[in-house]
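Trainee: Structure provided below as structure tokens; questions to follow.
We did not get these values from a lab; they are worked out from the coordinates using the rules stated. This one's a predicted model, so the numbers in the text were calculated from it and none came from an experiment. Quick reminder, even Gly has a Cβ in these numbers, built from the backbone with ideal geometry, and neighbours come from all protein chains shown.
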Amino acid sequence: MVASFRSLGLSALSLVASLSPSAAQLSTFTTPLTPNGLSFSINGVYYYSSPFASGKVAVPATSLLAVPSIFGCFKPVAVVNKGYITKAEIPNLLSNFTAIDDVFQPAFAQAIFLAGPGAGTCKDKNGLPYEVKGKGYEGSPCTYIALEDSEIPSGPYVLEVSSGSLYPVYRLYEDYAASFMASLIPNPDGTFQTMSAQIPGAASLTIGVPSRLYFTKTAKKPLAGVRLGVKDIYRLAGVKGSNGNRAWYNLYPAANYTAPAIQNLIDAGAQIVGLQKTSQFANGESATQDWVDFHSPFNPRGDGYQDPSSSSSGAGASIAAYEWLDIAIGSDTGGSLRGPAGSQGLHSNRPSHGLVSLDNVMPLSPTLDTPGFLVRDPKLLDVASAALYGKNYKSMADVAVKYPKNIRTIGFPANTSTSASSVILNKFLSDLTAFVGGASEAVTLASAWAAAPPAGAQNATLSAFLNTTYAVLITKEQIPLVREPFYRDYAAANDGRRPFVNPVPLKRWAYGDSLPSTELASAQQNKTIFMDWFNKEFAPPALDDAQCSETLILYPQWTGDQNPRNWYSSGPGVPFGFSSSRISVFAEVPDHVFPIGQVTAKSAISDHDEVFPVTVSVMAAKGCDGLLTRLAIDLVEKGIVLQPKTGTSSVDGGKILMRRAEMMGF
Ligand SMILES: *[C@@H]1O[C@H](CO)[C@@H](O)[C@H](O)[C@H]1NC(C)=O
Ligand SMILES: *[C@@H]1O[C@H](CO)[C@@H](O)[C@H](O)[C@H]1NC(C)=O
Ligand SMILES: *[C@@H]1O[C@H](CO)[C@@H](O)[C@H](O)[C@H]1NC(C)=O
Ligand SMILES: *[C@@H]1O[C@H](CO)[C@@H](O)[C@H](O)[C@H]1NC(C)=O
Ligand SMILES: *[C@@H]1O[C@H](CO)[C@@H](O)[C@H](O)[C@H]1NC(C)=O
Ligand SMILES: *[C@@H]1O[C@H](CO)[C@@H](O)[C@H](O)[C@H]1NC(C)=O
């Protein structure tokens, strides 16, 4: 279409007229333009800066000419907000920044904004800022400028020169373990948005972590700056969830409020960096054949191709792989925290049941569901547990503790066994026994039960009594709470169609459908009878608060077995049967995983010796969660339990197999 000059001129004039700024018109034009942050790299390190300013500075127009800029208007700068600090101390302080923070690097120190009394040295007698050019960090020329907004914390920033706004900086990492579902940054209103940057990687997300320098731990914010991954069954305000199912993700809108359990962690200062993968609807799935909708995360240990276990799969893989991530919250119904902790050699806590609301969290079985953590440092587990469970968690980290002297083992290998994992487990047992100054005794639940079955058990053997209890609870409870509304909503939105669901949840739900509704009450009754019996006979509370539990009960959690992700098993099944890992599930007692070593064995994947973790489960009376965390802290200190490293080996760290040397010449 060709328009005459005259008509063009006229329409342009009328457009200008319509743009003259009445407030309503202005907002019509300005609202849809939403900045989603800025990405850049310095010295080969990738960064992102949030679109939300931390504050403003007054910048003399000419003072930062020497500092390089992005798009001509954004400059990397540093804030030093440390109270009484002299300029002479700054180089030392900046080296400290680099040492404690993976985000800061010297390139941010080409312009430094000084806050607090020390900044007075940067003002002239009229109170105006002046420049000091001097020898800065590692000899680079620096510009020091007084920071007027003393609320802005120290750290790296991106300065928008035109406005003086300082934007916080995130370092970007590749999620090569495929452990995340979404990369998130917080919005000022308490909701979250997708982090908008992407760095090189093979079908992997990019995760941004904020500078550690922005945060100061206080009594009210004991998790300040702690970087947290959240299992994709906890709803976050402004974020679409999936429960590991594509159809679910696409069907439902973003959550309108954050699950209170997660809000507790946010209120304590935790920094959510993303949602993490769950096996579908938190049912146990194996990596090879069951993860149809999404790909299972990669376990970094050993040959890099071991099943990461499930359902808190992303939580476990990420905490074992990434030094830059501090903690992940998952959940455990029948082993969904303990499995990933075992196969990746991490600390984890299946807590006592019922410590915190699971509102706005996808249920598997409310009777059995528990929220807990995967973590490398048990001291952080204690602080995070106190934040998550509130008054229902009694931290024993700083109190006089009397450990139970009565240790019971279930299913431990004979002390004569020479297998590498048996030696590790029995060494742990004798070290623990010596540490508490007690004695250990091997017990067999089935024979204790058979010798004096509880009333109500109708003389059934333990394995018959509890054979279907778990399978009934997870199906009969999840079907009405999750499947029914999902199928109904999906059909309504899709002309009567049924959504795709992975084989495992389908198989399990079909089992639930095959049973009469009376089975649910039967399962709940059997669960309660077992709980009352076990807690009375094996895990009674101690009268003394400093001891909390009469006993510690141990069972082998992971014995370094290989479970490669390329092995096909016998197809999806229903989880029948009873084993040690079901004890805490039914008895509601805390069950913590302690990493205690690793075995070396020839890998079928790499055709080479590799290392695989060994872990033990430790249980105590219901409500003694704090006792188990304190025990882990003390045993790490004594060298009896590992504080696992990230990488190939939980003991030695080491570059993850698939991340080792790039080939020469490519
Ligand atoms: C840097 O860290 C060291 C060791 O923690 C500390 O002694 C020193 O005071 C710190 N320097 C500054 C300038 O903060
Ligand atoms: C969130 O949305 C649900 C469903 O529309 C509604 O019932 C609930 O009241 C909302 N909650 C909040 C906190 O806005
Ligand atoms: C296993 O046997 C060794 C050697 O007799 C002993 O020192 C150790 O305490 C035993 N460990 C356990 C757990 O009984
Ligand atoms: C359980 O076994 C005992 C001993 O054999 C028997 O006396 C009792 O009647 C049985 N109870 C039930 C409910 O079957
Ligand atoms: C457990 O229940 C399943 C399904 O009913 C059955 O096939 C299996 O034989 C039972 N096992 C035991 C030990 O009772
Ligand atoms: C409960 O226990 C009874 C035996 O007393 C057994 O027959 C039944 O199958 C069990 N039901 C469930 C759901 O655990």
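Trainee: Taking the Cα centroid of region 325-348 and of region 496-546, what is the distance between the two, rounded to the nearest whole Å?
Mentor: 20 Å
Trainee: Could you give the length gained on full extension between Phe52 and Ser419, defined as 0.36 nm per residue of separation minus the Cα-Cα distance, in nm?
Mentor: The span from Phe52 to Ser419 would gain 126.5 nm if fully extended.
Trainee: Also: Rounding to the nearest 10 and keeping the result within 0 to 90°, find how far the Cα-based axis of helix 420-436 lies from the longest principal axis of the chain.
Mentor: With both axes taken from Cα atoms, the answer is about 90 degrees.
Trainee: With a Förster radius of 56 Å, plug the Cβ-Cβ distance of Ser463 and Ala88 into 1/(1 + (r/R0)^6) and report the FRET value to the nearest 0.05.
Mentor: Once the sixth-power term is evaluated, E becomes 0.15.
Trainee: Between Thr34 and Ser430, what is the spin-label point distance in nm, taking each point 7 Å from the Cα along the Cα→C-beta axis?
Mentor: Taking the simple label geometry, Thr34 and Ser430 are separated by 6.3 nm.
Trainee: Long-range amide H contacts for Ala328: which residues qualify at under 5 Å (H placed 1.01 Å from N, peptide plane, sequence gap of 5 or more or a different chain)?
Mentor: Gly229, Leu374
Trainee: Something else now. Could you give the size of the charge dipole of the chain about its Cα centre, using +1 on the Cβ of each K and R and -1 on the Cβ of each D and E, expressed in debye and rounded to the nearest 20?
Mentor: Dipole size: approximately 700 debye.
Trainee: Still on this structure, please answer the following. To the nearest 20 debye, what is the magnitude of the charge dipole of region 456-539 about its Cα centre, counting +1 on the Cβ of each Lys and Arg and -1 on the Cβ of each Asp and Glu?
Mentor: That gives region 456-539 a dipole magnitude of about 200 debye.
Trainee: Give me the one-decimal nm value for the distance between modelled label points at Ser162 and Asp102, 7 Å along each residue's Cα-to-Cβ direction.
Mentor: 3.5 nm
Trainee: Also, I was wondering about something else. Counting each DSSP H run of 4 or more residues in the chain as -39500 (n - 2.57), what helix-only mean residue ellipticity at 222 nm follows after dividing by all residues, to the nearest 500 deg cm²/dmol?
Mentor: Computed mean residue ellipticity for the chain: -7500 deg cm²/dmol.
Trainee: Another question, if that's okay. If amide H atoms are built 1.01 Å from N in the plane of the peptide, which residues on other chains or at least 5 residues away come under 5 Å of the amide H of Tyr46?
Mentor: Leu172
Trainee: Once phi is turned into ³J(HN,Hα) by the Karplus curve 6.51 cos²θ - 1.76 cosθ + 1.60 with θ = phi - 60°, what whole-Hz value does each residue of region 543-560 show in order, with x for glycine and proline?
Mentor: Computed from phi, the couplings for region 543-560 are 6, 7, 4, 6, 10, 6, 10, 5, 9, 10, 10, 10, 9, x, 9, 8, 10, x Hz.
Trainee: Round to the nearest 10 and give me the degree value, 0 to 90, for the angle of helix 5-19's Cα axis relative to the longest principal axis of the chain.
Mentor: So the inclination is approximately 60 degrees.
Trainee: Shifting gears a bit: For the chain, the longest stretch holding no trypsin sites (Lys or Arg not before Pro) located in a DSSP loop with at most 10 other Cβ atoms within 10 Å is which?
Mentor: 221-659
Trainee: Can you give the extra length, in nm with one decimal, that the chain gains between Ser395 and Ala254 once fully stretched, where that is 0.36 nm per residue apart less the Cα-Cα distance?
Mentor: Stretched fully, the Ser395-Ala254 segment lengthens by 47.3 nm.
Trainee: Beta carbons within 10 angstrom, averaged per residue: use that to sort the peptides 349-355, 185-191, 537-543, highest first.
Mentor: Numbers: 349-355: 24.1, 185-191: 14.9, 537-543: 16.9.
Packing order, densest peptide first, comes out as 349-355, 537-543, 185-191.
Trainee: If you don't mind, there's one more thing I want to ask. Treating the angle as unsigned and between 0 and 90°, give the value, to the nearest 10°, between the Cα long axis of helix 469-478 and the longest Cα principal axis of the chain.
Mentor: 40 degrees
Trainee: Any idea how far apart His608 and Val292 come out in nm if each label point goes 7 Å out from Cα toward Cβ?
Mentor: 3.6 nm
Trainee: Set the bar at 19 Å for Cα to Cα. Now go through Lys231/Lys394; Lys379/Lys622; Lys476/Lys507; Lys379/Lys638; Lys221/Lys391; Lys277/Lys527 and name every pair that lies beyond it.
Mentor: Correct reply: Lys231/Lys394; Lys379/Lys622; Lys277/Lys527.
Trainee: Tell me, in nm to one decimal, what length is gained between Thr218 and Thr444 on full extension, where the rule is 0.36 nm per residue of separation less the Cα-Cα distance?
Mentor: Working: separation 226, 0.36 × 226 = 81.36 nm, distance 4.65 nm.
Using 0.36 nm per residue and subtracting the Cα-Cα distance, I get 76.7 nm.
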